[in-house]
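Visitor: This is the structure, below, for whatever I ask next.
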Amino acid sequence: MKIAVALITLLPLLGFIVTLLFGKRMGKHAHIFPVAMITVTAVLSVYCFEWVFRHSEEAFVWNAFAWISAGQFSVPWGYQVDTLTGIMLLVVGIIGMLVHYYSIGYMHGDE
């Protein structure tokens, strides 16, 4: 679950960075990599949604590292996936994927 939650955050960012750096070189095929990243993100969102509803009595909490530490005070950086998060991941992941697929057809033929 840790890997899935981290990848949901990082894959769209990776798609953006690769397209930003190499998009002109890819030419008319520049859409393939970011759309693949969004599709994998949507699949991982469905997985997280399914996990949340199998374990609905508990939230998945992962504190990756201490972001700010000062004496006894500490602010962790991490993820918490509960029922609401699972629903939002599902909705945003699938609609985001559909928007990307729609934009391929809509922008087809534009220079």
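Visitor: Between Ser74 and Val46, what's the calculated FRET efficiency when r is the beta-carbon distance and R0 is 35 Å? Round to 0.05.
Guide: Plugging the Cβ-Cβ distance into 1/(1 + (r/R0)^6) gives 0.55.
Visitor: Once you keep just the Cα pairs under 8 angstrom separated by 6 or more residues, what percentage relative contact order results for the chain?
Guide: 26 percent
Visitor: Go ahead and estimate [θ] at 222 nm for the chain from helices alone: -39,500 (n - 2.57) per DSSP H run with n ≥ 4, summed, over the residue count, rounded to 500.
Guide: Rounded to the nearest 500, the figure is -23000 deg cm²/dmol.
The numbers here are math on the coordinates, done by the rules we state, and not lab data. For clarity, every value in this text was computed on a predicted model and none was experimentally measured. Positions of Cβ are generated from backbone atoms using ideal geometry, with glycine treated the same way; all protein chains shown enter the neighbour counts.
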